[in-house]
Amino acid sequence: MAFSHYSNQVESKLDVEARLCREKSGTTLFDDLIRRASGPRSTDTPLSPEDLAGRGSKSPFFALLYIAALRGGAKDWLSNSALSAAPMTSSSQIEYHHIFPKARVQQRYGKDATNNLANLAFISGNANRRIGAKKPEEYLQTLDARRLSEQWITHDERLWQISAFEQFLTDRRLRMAQVLNDLLGLPRYKAGRARHMESTLPFADEDFGFLPFSDSEDEDET
């Protein structure tokens, strides 16, 4: 999923991997499959914050971050119930929420930055509508600090200001890159040592329609 291995030529790739499964076993087989799934990149190359810069809600990285949030026991910002335990009703269904509301930052910083995965969090529809277009510095301080940590949001209130939006994205992309590296069993990122992966991930923003959350199109217009 992380590197969109089955985004094209699916049958030919499955044929090769089925043959590998017949010919090999154990660690040798596992290593070969991981190498193939990693594409042209090295299997020990960590993801960097720059790899997340152009990614949004349709990226497989976003789906993996949702898995990481569930693994970490993330809870909803309104009900404080575990995200995985939320009933799938119209009011409580999990949605992705713009931490810095679109109405506050899109005109100034652009659509790509506004919809970057570093500006998205997983919360219930109820919480999403309750927050609406409030400024981050107004509503983040009302949340339990554990809710912020569960979704890799800085506790530094200086970065909650609209004027610090770009610094907020930079900070959270670093946190998210480390989370993804841990999830994928990759080394932790160290500045200057990881390569930018964009050129090797041509299918990174395909639409994963199976995800159990959605966007509320008018969440930030209220």
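The values are calculated or read from the model by the stated rules, or taken from the named source; none is laboratory data. Keep in mind that this is a model prediction, so the values were computed, not measured. Because the Cβ atoms are built from the backbone with ideal geometry, glycine has one as well, and the counts that use them run over all protein chains shown. Each accessible area value is taken on the protein alone, full model and side chains, heavy atoms only, with ligands, DNA and RNA left out. Shrake-Rupley method; radii C 1.70, N 1.55, O 1.52, S 1.80 Å.
Here residue 40 clears all of (1) free of Cβ contacts under 8 Å to residues at least 60 places away in the same chain; (2) open to solvent by 80 Å² or more (accessible area, probe 1.4 Å); (3) touching a helix residue (DSSP H, G or I) at 6+ places or on another chain (Cβ under 8 Å) except the condition numbered (1). Please verify whether the stretch 18-28 includes one or more residues that are under 22 Å from residue 183 (Cβ atoms) and open to solvent by less than 90 Å² (accessible area, probe 1.4 Å). No. Give the stretch 130-139 a look and list any residue that's over 20 Å from residue 66 (Cβ atoms) and assigned to a helix (DSSP H, G or I), or say none. Passing the criteria: 130, 136, 137, 138, 139. Take the stretch 107-126 and flag every residue that is under 23 Å from residue 73 (Cα atoms) and among the hydrophobic types (A, V, I, L, M, F, W, C). Result: 117, 118, 120, 121, 122, 123. Please find, among 130, 104, the residue that is under 15 Å from residue 79 (Cα atoms) and touching a residue at least 40 places away in the same chain (Cβ under 8 Å). Going through 130, 104 in turn, just one is under 15 Å from residue 79 (Cα atoms) and touching a residue at least 40 places away in the same chain (Cβ under 8 Å): 130.
Taken over the stretch 109-123, the criterion of being in contact (Cβ under 8 Å) with a residue 24 or more places away in the chain and either assigned to a helix (DSSP H, G or I) or open to solvent by 10 Å² or more (accessible area, probe 1.4 Å) (or both) is satisfied by 109, 112, 113, 115, 117, 118, 119. Summed over the stretch 124-136, residues that are open to solvent by 20 Å² or more (accessible area, probe 1.4 Å) and either touching a Lys or Arg at 6+ places or on another chain (Cβ under 9 Å) or basic (Lys, Arg) (or both) total 4.
Which of the residues that make up the stretch 7-17 are of a type outside the set (Asp, Glu) and either open to solvent by 90 Å² or more (accessible area, probe 1.4 Å) or touching a residue at least 24 places away in the same chain (Cβ under 8 Å) (or both)? Before the answer, list the steps.
Within the stretch 7-17, the subset of a type outside the set (Asp, Glu) is 7-10, 12-14, 16.
Correct list: 7, 8, 9.
In the stretch 78-101, the residue that is modelled with the lowest pLDDT out of those that are of a type outside the set (Phe, Trp, Tyr) and not in a loop (DSSP other than H, G, I, E, B) is 85. Every residue in the stretch 43-65 that is open to solvent by less than 20 Å² (accessible area, probe 1.4 Å) and of a type in the set (A, V, I, L, M, F, W, C), please. Selection gives 47, 52, 61, 62, 63, 64, 65. Scanning the stretch 140-178 for residues that are assigned to a helix (DSSP H, G or I), of a type outside the set (Lys, Arg) and in contact with a strand residue (DSSP E or B) (Cβ under 7 Å, 6 or more places away or on another chain) gives a single hit, 150.
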